[in-house]
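The values are calculated or read from the model by the stated rules, or taken from the named source; none is laboratory data. Note that the structure is predicted; figures quoted are calculated from it, not measured. In this analysis, Cβ positions are derived from the backbone assuming ideal geometry, glycine residues included, and neighbour counts consider all displayed protein chains. The area values use the complete protein model at the heavy-atom level, side chains included, leaving out ligands, DNA and RNA. Shrake-Rupley method; radii C 1.70, N 1.55, O 1.52, S 1.80 Å.
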Amino acid sequence: MAFNDLLLQVGGAGRFQQIQVTLVVLPLLLMASHNTLQNFTAAVPTHHCRPPADTNLSKDGELDAWLPRDGQGRPESCLRFTSPQRGPPFPNGTETNGTGATEPCTHGWIYDNSTFPSTIVMEWDLVCSRRALRQLAQSLYMVGVLLGAMIFGHLADRLGRRKVLILNYLQTAVSGTCAAFAPNFPVYCAFRLLSGMSLAGISLNCMTLNVEWTPTHTRACVGTLIGYVYSLGQFLLAGVAYAVPHWRYLQLLVSVPFFAFFIYSWFFVESARWYSSSGRLDLTLKALQRVAWINGKREEGASLSMEVLRASLQKELTLGKGQASAMELLRCPALRRLFLCLSMLWFATSFAYYGLVMDLQGFGVSIYLIQVIFGAVDLPAKLVGFLVINSMGRRPAQMASLLLAGICILINGVVPQDQSIVRTSLAVLGKGCLAASFNCIFLYTGELYPTVIRQTGLGMGSTLARVGSIVSPLVSMTAEIYPSVPLFIYGAVPVAASAATALLPETLGQPLPDTVQDVENRRRGKRRQQRQERKQMVPLQASAQAKDGL
């Protein structure tokens, strides 16, 4: 637990921390774009059946003669007449005569490209009987995020944070660029899955590498900064998607910069905390001396030696030899409680979050405007979350954000459908609370797990979050039973999960645990403190009773 003192000795939050944190969080601007990219690249424009090829569309009324109307007088999206109907229209607007038989769109569709000149829906006709394929593409992306959280979280504990980050940047650049040139839908889905895997690794290692290089008093600031960069990425996506509406160009634009991130990531300094937990004191010394030199603390860096490190990190070296396996999360009682509680929090946050943000067209307003509003609400929400995290602690911040988000969504479920302003406002407020919950849980998870298994723990938490994001679209199908059923489910889950925070310890102002034994000691220390408090209360109660007797 003396590692924080070593960080302060070599400069604390100095020039090195400022530079590396900036370079590590910069790619998160575009990671936000990838997560909700399909709101734009897979947008569904207004469409109707294409008539036979020999139809003279320049003739007035010829196109309308092929199109039946729905109850509101609009052309049917998935049906057309088997032959042109040129009789007088019926009052309800459903047909133009009484003999018109309909059939599916055998010649394809005509799309309204006034807002979106090209989307994957238009290019591969993901409408009507093929509309489920649109959700499949997003679900496969989330499956990739799930796999990436499991694979790269474990690899980062084995190989180090820096190596995995370098690999993730390259994989994102290549797979994202290839997706922009995909010749067909299955190839596109395959590359989106690979992008999801690598972006999960970037998200996890970004947080861990920064937290492990910053002193205790600045960790909350770093966690909040990461959250704000992600929120700015949502603004960036709205602007870029508006300027570049063609899906292939947009996909390319948010992927190519990762080649630059891959190049400069070779200059990152590996986590010295990870080196020490792996028993590699020689590399720990080199990393700390390099950081001291960058921070202008050359004398302090020169005073470090192998003997100093052995004396400072004696407990970590004794108890933390080797890497803890993922099974420790279930085998060790202290870790098992953390794992189960944090899994509930990760799942609930992601489940409700993606239930709201992946249906922007359902709000009935400009998709670009709602994207900006959803991004804007993050700014005050995360500021309030930061103030609560720093003043009251991580546990109350986590509980309050989930509880308020769930309440907003539940209230939205009973608001009438025609109250669009009220419903949109409640959805935006709920989304802001969920964004604050995400911000808190990344920091909270990193502080609760010990260094030897931190990335694995973060990876498992992110895995449960991806399970939530995969299940979330399936819940939306319950709207066929009753329109508000999805909202009741989206709201009930975070409300129930918020109770799990009561079983977690507070980490405000506490040093990061390095070994599983540190977590056990923290748990035992809390029990010992509670016993001492109870013992102190006994004489006080006896004294009070004696006074009452007098």
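Quick rundown of the values:
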quantity	calculated
Set PRO505, PRO513: member being touching a Ser or Thr at 6+ places or on another chain (Cβ under 8 Å), within 26 Å of MET150 (Cβ to Cβ), part of a loop (DSSP other than H, G, I, E, B) and at pLDDT 75 or above	PRO513
Qualifying residue in the range 426-441 (condition: out of contact with any helix residue (DSSP H, G or I) (no Cβ under 8 Å at 6 or more places or on another chain) and over 30 Å from ILE151 (Cβ atoms))	no
Residues located in the range 237-253, provided they are open to solvent by less than 20 Å² (accessible area, probe 1.4 Å) and either of a type in the set (A, V, I, L, M, F, W, C) or in contact with a strand residue (DSSP E or B) (Cβ under 7 Å, 6 or more places away or on another chain) (or both)	LEU237, ALA238, ALA241, TRP247, LEU250
Selection count, the range 168-189, where residues are surrounded by fewer than 20 Cβ atoms within 10 Å (Cβ to Cβ) and free of Cβ contacts under 8 Å to residues at least 40 places away in the same chain	6
Subset of the range 192-219 [closer than 20 Å to ARG466 by Cα and either among the acidic types (Asp, Glu) or surrounded by fewer than 23 Cβ atoms within 10 Å (Cβ to Cβ) (or both)]	LEU193, LEU194
Counted residues, the range 237-253 - those being assigned to a helix (DSSP H, G or I) and within 20 Å of ALA173 (Cα to Cα)	10
Single residue of the range 136-165 satisfying the filter (touching an Asp or Glu at 6+ places or on another chain (Cβ under 9 Å) and basic (Lys, Arg)) that is most open to solvent (accessible area, probe 1.4 Å)	LYS163
Given (1) at pLDDT 85 or above; (2) touching an Asp or Glu at 6+ places or on another chain (Cβ under 8 Å), index of the condition ASN168 fails	(2)
Residue satisfying all of: in the range 412-422; open to solvent by 40 Å² or more (accessible area, probe 1.4 Å) and without any contact (Cβ under 8 Å) to a residue 60 or more places away in the chain; farthest from LEU448 (Cα to Cα) among these	ASP418
Residues of the range 429-485 classified as touching a Cys at 6+ places or on another chain (Cβ under 7 Å) and open to solvent by less than 10 Å² (accessible area, probe 1.4 Å), total	1
Selection count where residues are open to solvent by 60 Å² or more (accessible area, probe 1.4 Å) and outside any helix (DSSP H, G or I), scope the range 126-135	1
Pair list, Cβ < 6 Å and 6+ apart or interchain, from the range 363-378 residues that are closer than 15 Å to PHE116 by Cα to residues that are open to solvent by less than 60 Å² (accessible area, probe 1.4 Å) and at pLDDT 75 or above	TYR368/ALA238
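Here is a yes/no grid of residues against (1) open to solvent by 40 Å² or more (accessible area, probe 1.4 Å); (2) among the aliphatic types (A, V, I, L, M); (3) farther than 18 Å from LEU30 by Cβ; (4) not in a helix (DSSP H, G or I):
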site: CYS221; (1), (2), (3), (4): yes, no, yes, no
site: GLY227; (1), (2), (3), (4): no, no, no, no
site: PHE235; (1), (2), (3), (4): yes, no, no, no
site: SER255; (1), (2), (3), (4): no, no, no, yes
site: ARG273; (1), (2), (3), (4): no, no, yes, no
site: LEU288; (1), (2), (3), (4): no, yes, yes, no
site: ALA292; (1), (2), (3), (4): no, yes, yes, no
site: GLU300; (1), (2), (3), (4): yes, no, yes, no
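For (1) exposed (fewer than 14 other Cβ atoms within 10 Å of the Cβ); (2) modelled with pLDDT under 80; (3) under 25 Å from ALA190 (Cα atoms), each residue gets a yes or a no:
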{"site": "TRP66", "(1), (2), (3)": "no, yes, no"}
{"site": "ARG69", "(1), (2), (3)": "no, yes, no"}
{"site": "SER77", "(1), (2), (3)": "no, yes, no"}
{"site": "GLY87", "(1), (2), (3)": "yes, yes, no"}
{"site": "ASN92", "(1), (2), (3)": "yes, yes, no"}
{"site": "THR99", "(1), (2), (3)": "yes, yes, no"}
{"site": "THR106", "(1), (2), (3)": "yes, yes, no"}
{"site": "ILE120", "(1), (2), (3)": "no, no, yes"}
{"site": "TRP124", "(1), (2), (3)": "no, no, yes"}
